[in-house]
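Here's the structure, in C-alpha cells; my notes come after.
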Amino acid sequence: MPAVSVDNILVLPRLPKVDPATATERKVSSVTTAPSGFEGEGFPVRRAFAGVDLSQLDPFIHMDQMGEVEYAPGEPKGTPWHPHRGFETVTYMIDGTLRHQDSNGGGGLISDGDTQWMTAGGGLLHIEAPPEEVVMSGGLFHGFQLWVNLPGRLKMTAPRYQDIHRGDVGLVSSHDGGALLRVIAGEVGGHRGPGVTHTPIALLHATVSPGAQVRLPWRADFNALVYVLSGTGTVGANRRPIRSGQLAVFGPGDVVTLDADQNQESRSPALDVLVLGGQPIREPVAAYGPFVMNTRQELLQAFEDFQAGRLGTIPAQPHPGHDVL
Ligand code: MN
C-alpha cells in the first residue's frame, strides 16, 4: 500500500476527458518481465528495463525497483560509496526510508512517498543506505531508482539536488474518479509535478481501481513506458495484458490507456503502475557501471577522474542527519 494515498479521491482536481475523435491512442509494442537481482550490499531489485533496447528507453537509461521487501531487524542494506557522472538519478521511496549522503555535503532522508532528484552531472560520490534505526527495526522497503540521461552539452554540468517532499507531489484524479495519479515530475493533462529536469520528462505513479480505465493525455514527442508495481490489467490501444514486474513500451500517439482488471488479488487490490516518458536525446550512449557518457573516450576519462579523486572524496564525518521531512 503506497504511503501517499487519499481518503476521498473525489475532492482532487481531475484529468480532462480525452476526446477519442481527436486523440491517437498509443499501441504497446513490447511487454518484458523484469529479472530479479541484487544491488549494493545485497538488497533485492528488479531490473525494470532489462532486455529493452536503449533507443526505445531514451532519455532513460536504467530503472531498478528496490524491493518490495519486508526486512527483519538487522537486515536492511544499502550501497557503499560510489561515483556517478553524466546523468540524473531519481529515487522515489514508496514505502520505507533511505538515507543519502554525497561528497558535496548534501544528504537527507527519503521516506514514504518522498523523491530525491540528483543531477550527478560532472561527477560526485554518494552513498545510499537505510538509517541506523531502520537497520535495527527492519520493516517495509519499496522504492525506485530511475536514471535519466543528460545530453552531451550537460553531462559535465554542476551537481544539483532536489528533495521532493511527499506533500508536494501533484495529486490528480482520473476524469471519473477511478484512478489516483501522483505526478512526481513533468505535466499530465495540465497538472504539474514538482520535479525539475534538464531533460524534459513526465513521471507519475498511478493507482487504478479494479475495473477502472484511465486515458492519460501524453505528449506525442515523448516516449511512453508503463511499469507494473502490483495488480493486473491491460494497457494500450491493443489491450496488452500486463502484471506485476512487467514493462510495456508504447508506440507513437498522444494517449496512454491503462485498464485495471475487475478481479485483483486481495493482497494487491488495485493496478499500481509507474508511467514515464521523455523527450529522446538521440545521442550515442557509452555507459559502463556508474557512468553514462557519449563516447568510450569520455568513459575512460570518467574512470581516470574517479581514480584520481576528481569526482570528490568520501567525507570524514557521517552526514549529521539533516531530515528533509
Ligand atoms: Mn548511486
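The values are calculated or read from the model by the stated rules, or taken from the named source; none is laboratory data. Worth saying up front: this structure is predicted, and the values here are computed from it rather than measured. As a convention, Cβ positions derive from the backbone with ideal geometry for all residues, glycine included, and neighbour counts pool all protein chains shown.
Some notes on this structure:
- Scan of the range 72-91 for residues that are within 14 Å of the ligand (Cβ to nearest atom), buried (at least 23 other Cβ atoms within 10 Å of the Cβ) and not β-branched (Val, Ile, Thr), ordered by number: 84, 85, 86, 87, 88
- Within the range 41-57, the set of residues being within 16 Å of the ligand (Cβ to nearest atom) and surrounded by fewer than 16 Cβ atoms within 10 Å (Cβ to Cβ) comprises 41, 42.
- Hits in the range 116-159 - residues which are within 15 Å of the ligand (Cβ to nearest atom) and of a type in the set (Val, Ile, Thr): 119, 127, 148
- Exactly one residue out of 38, 60 is buried (at least 20 other Cβ atoms within 10 Å of the Cβ), aromatic (Phe, Trp, Tyr), within 16 Å of the ligand (Cβ to nearest atom) and within 27 Å of residue 124 (Cα to Cα), and it is 60.
- Count - residues of the range 197-219 that are out of contact with any Lys or Arg (no Cβ under 9 Å at 6 or more places or on another chain) and at negative phi: 13
- Cβ-Cβ contacts under 6 Å between residues 6 or more apart (or on different chains), taken from a first residue in the range 47-70 that is without any contact (Cβ under 8 Å) to a residue 40 or more places away in the chain to a second residue that is of a type in the set (Ser, Thr, Tyr) and part of a strand (DSSP E or B), are listed as 51/32.
- Look at the range 75-94: where a residue is in a strand (DSSP E or B) and a partner is more than 14 Å from the ligand (Cβ to nearest atom) and β-branched (Val, Ile, Thr), sitting 6+ places away or on another chain with Cβ atoms under 6 Å, you get 92/115.
- Verdict on residue 20 being more than 16 Å from the ligand (Cβ to nearest atom) and within 16 Å of the chain's Cα centre (by Cα): no
- Restricting the range 95-104 to residues that are in a loop (DSSP other than H, G, I, E, B) and closer than 21 Å to residue 302 by Cα, the residue that is farthest from the ligand (Cβ to nearest atom): 104
- Looking across the range 286-325, the residues that are at pLDDT 90 or above, outside any strand (DSSP E or B) and either under 20 Å from the mean Cα position of the chain (by Cα) or closer than 26 Å to residue 94 by Cβ (or both) come down to 289, 290.
- Any hit, the range 292-305, residues being closer than 18 Å to residue 53 by Cβ, surrounded by fewer than 17 Cβ atoms within 10 Å (Cβ to Cβ) and of a type outside the set (Asp, Glu): no
- Residue match in the range 80-99 (condition: at pLDDT below 90 and hydroxyl-bearing (Ser, Thr, Tyr)): no
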